[in-house]
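**Student:** Starting off with a structure, shown below.
Please treat every number below as a calculation from the coordinates, not as lab data. What you see is a predicted model; the values in this text were computed from it and never measured. We place every Cβ from the backbone using ideal geometry, glycine too, and count neighbours over all the protein chains shown.
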Amino acid sequence: MDTKHSAWSNALEQLQIVADKISLDPGVLARLKTPKRTLEVAVPVVMDDGSTRVFQGFRVQHNIDRGPAKGGVRFAPTVDSDEVKALAMWMTWKCAVVSIPFGGAKGGVAVDPKILSLGELERLTRRFTSEILPILGPEKDVPAPDMGTNAQTMAWMMDAFSQNVGYAVPGVVTGKPLSIGGSAGREEATGRGVAIVTREIARRMGLTLSGASVAIQGFGNVGKNAALILAREFNCRIVAVSDANGGWYDPRGLDVEILARNSAAGGALPSDFPAERLTNAELLELPCDILIPAALENQISAQNAPRIKPKLLIEAANGPTSPDADPILRANGVTVVPDILANAGGVTVSYFEWVQGRDEYFWSIDEVAQRLERIMVNATNEVWAIAQRENVDLRLAAYISGVGRVSEAMHARGHWG
Ligand code: GLU
């Protein structure tokens, strides 16, 4: 990872670029540079061996002008205040780009969930939920899964919240299991959104997806589902995939069905596979048509950008490209589809889950897929049109759309000053 940039300084720099471009009101800009609420909590957990460990937890609500705060909860050793603030800000723009009525938030606990037992994880999740409970609620702030968390984590969060208030409150989280009010299609939603956006942009570029070579960094929920959908539905050739320790490469295409069946829920790939090993750095620099970073922030910076030359770079991860890499990629003719558009499918189906929960009326998987398709295609059309009209890259176009919507809401409400 590039240590020169923090995710938060990257997020601020991206905001400044769009603010300059659209002459954003200085009051609005000053307000958007600071999260609305930042809560840091101690999360004590009695471990299986009887000792007590105290973990650091965070919930940041960046902005709630367009609706309740929305965003995932991350359990990872990298979590710190700056990372969570950046991820919360990106959620504000993401919800605005796809025009769903939410603000942006993010939470996290600095912990490696892979080394905790199931019992320890449950106690950690319940205690974290209790500590941030005063600012949560279906109308206030609605967490969801992110790196290191999943539907089970959301079930524990929903239960901890419900126990506290004395009745079931499914709407306090999204990404829940179906048995307690989850939505059909939520699990694969981010990957499906990535695939839809890839199809839309590839078509405009005249890039044929059938047989196109694709390299994917990260094989967690997002990377795995993107790989499966691109291979199954668009006949893409997935030439490389990786986890935190490196990955597998075959220029003829990997069998992603077998890889998916044999990978762990957290994204760990099988240690034995009939293909070549490669490192994450090598994966990013592979000659390929489409590169999909689907792991951590700051993977592509000015240092490696000169060697990264896919036709299309789809940001399935949040913040994989630091701002100093953008001009280099642009000069090399790489079309970058920014995170706040490319990975918005997840929060879009979270919105569907929240709506279905409010109505107590649940949709079929086809209905979810159709509505997701419509929202992702509309947002892509809009961002593409702005890029053409303003003669800017897709990242700046998405920021013009997202930050523009938030600023409009702030002006309408009139309370940013
Ligand atoms: N964690 C996901 C993201 O980064 C989903 C957030 C949500 O569904 O609220 O977009």
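**Student:** Restricting the search to the range 254-268, which residues are free of Cβ contacts under 8 Å to residues at least 24 places away in the same chain and within 12 Å of Ser242 (Cα to Cα)?
**Tutor:** Leu254
**Student:** Further question on the same structure: How many of the residues making up the range 54-69 are under 21 Å from Leu133 (Cβ atoms) and surrounded by fewer than 24 Cβ atoms within 10 Å (Cβ to Cβ)?
**Tutor:** Total meeting the criteria: 6.
**Student:** For residues that are of a type in the set (Lys, Arg) and in contact with a helix residue (DSSP H, G or I) (Cβ under 8 Å, 6 or more places away or on another chain), scanning just the range 81-126, find the one that is farthest from Val60 (Cα to Cα).
**Tutor:** Applying the filter and picking the extreme gives Arg126.
**Student:** Let me ask something else. Among the residues of the range 135-149, which ones are within 8 Å of the ligand (Cβ to nearest atom) and more than 15 Å from Ala317 (Cα to Cα)?
**Tutor:** Scanning the range 135-149 gives Val142, Pro143, Ala144.
**Student:** Is it fair to say Leu341 is within 16 Å of the ligand (Cβ to nearest atom), closer than 21 Å to Gly206 by Cβ and touching a Leu at 6+ places or on another chain (Cβ under 9 Å)?
**Tutor:** It is true that Leu341 is within 16 Å of the ligand (Cβ to nearest atom), closer than 21 Å to Gly206 by Cβ and touching a Leu at 6+ places or on another chain (Cβ under 9 Å).
**Student:** Inspect all residues belonging to the range 44-52 and state whether any of them is more than 18 Å from the chain's Cα centre (by Cα) and at positive phi.
**Tutor:** Scanning the range 44-52 turns up at least one residue that is more than 18 Å from the chain's Cα centre (by Cα) and at positive phi.
**Student:** Further question on the same structure: Yes or no: Thr190 under 23 Å from Asp48 (Cβ atoms) and outside any loop (DSSP other than H, G, I, E, B)?
**Tutor:** No: the conditions fail for Thr190.
**Student:** So which pairs qualify, if the first residue must be in the range 65-92 and in a loop (DSSP other than H, G, I, E, B), the second must be basic (Lys, Arg), the Cβ gap must be under 8 Å, and the two must be at least 6 apart or on different chains?
**Tutor:** Correct list of pairs: Asp65/Arg413; Arg66/Arg405; Pro68/Lys140.
**Student:** Could I ask something else about it? Thr38 - would you say it is surrounded by 15 or more Cβ atoms within 10 Å (Cβ to Cβ) and either in a strand (DSSP E or B) or within 13 Å of the ligand (Cβ to nearest atom) (or both)?
**Tutor:** Considered against the rule, which asks whether it is surrounded by 15 or more Cβ atoms within 10 Å (Cβ to Cβ) and either in a strand (DSSP E or B) or within 13 Å of the ligand (Cβ to nearest atom) (or both), Thr38 comes out as yes.
**Student:** From the set of residues in the range 70-106 that are more than 16 Å from the ligand (Cβ to nearest atom) and not hydroxyl-bearing (Ser, Thr, Tyr), which is surrounded by the fewest Cβ atoms within 10 Å (Cβ to Cβ)?
**Tutor:** If we take residues in the range 70-106 being more than 16 Å from the ligand (Cβ to nearest atom) and not hydroxyl-bearing (Ser, Thr, Tyr), then Pro77 is surrounded by the fewest Cβ atoms within 10 Å (Cβ to Cβ).
**Student:** If you don't mind, another one. Checking the conditions here, which among Ala316, Ala325, Ala294 is within 16 Å of the ligand (Cβ to nearest atom), surrounded by 24 or more Cβ atoms within 10 Å (Cβ to Cβ) and under 29 Å from Asn391 (Cβ atoms)?
**Tutor:** Ala316
**Student:** May I ask you to list the residues in the range 107-119 that are touching a Pro at 6+ places or on another chain (Cβ under 9 Å) and more than 12 Å from the ligand (Cβ to nearest atom)?
**Tutor:** Ala110, Val111, Asp112
**Student:** So, one more: Got a number for residues in the range 107-126 being of a type outside the set (A, V, I, L, M), part of a helix (DSSP H, G or I) and surrounded by fewer than 18 Cβ atoms within 10 Å (Cβ to Cβ)?
**Tutor:** Qualifying residue count for the region: 2.
**Student:** I've got another one for you. Quickly run through the range 141-178 and pick out the residues that are in a loop (DSSP other than H, G, I, E, B) and on the phi < 0 side of the Ramachandran plot.
**Tutor:** Matches in the range 141-178: Asp146, Met147, Thr149, Asn150, Tyr167, Ala168, Val169, Val173, Thr174, Lys176, Pro177.
**Student:** Within the range 191-203, is even one residue within 13 Å of the ligand (Cβ to nearest atom), among the aliphatic types (A, V, I, L, M), touching a residue at least 60 places away in the same chain (Cβ under 8 Å) and crowded, with 24+ Cβ neighbours inside 10 Å?
**Tutor:** yes
**Student:** Can you tell me how many residues within the range 160-170 are buried (at least 19 other Cβ atoms within 10 Å of the Cβ) and of a type outside the set (A, V, I, L, M)?
**Tutor:** Within the range 160-170, residues that are buried (at least 19 other Cβ atoms within 10 Å of the Cβ) and of a type outside the set (A, V, I, L, M) number 2.
**Student:** State yes or no: is Val60 free of Cβ contacts under 8 Å to residues at least 60 places away in the same chain, part of a strand (DSSP E or B) and within 14 Å of the ligand (Cβ to nearest atom)?
**Tutor:** yes
**Student:** Given the residues Ser350, Ser364, Ser401, which is the only one that is within 16 Å of the ligand (Cβ to nearest atom) and among the small types (Gly, Ala, Ser)?
**Tutor:** Only one candidate passes the filter, namely Ser350.
**Student:** Given (1) over 30 Å from Val169 (Cα atoms); (2) within 19 Å of the chain's Cα centre (by Cα); (3) aliphatic (A, V, I, L, M), identify the lone condition not met by Ala385.
**Tutor:** The number of the failed condition is (2).
**Student:** Answer yes or no: is there a residue in the range 159-166 that is within 16 Å of the ligand (Cβ to nearest atom), among the aromatic types (Phe, Trp, Tyr) and over 16 Å from the mean Cα position of the chain (by Cα).
**Tutor:** Checking the range 159-166: at least one residue is within 16 Å of the ligand (Cβ to nearest atom), among the aromatic types (Phe, Trp, Tyr) and over 16 Å from the mean Cα position of the chain (by Cα).
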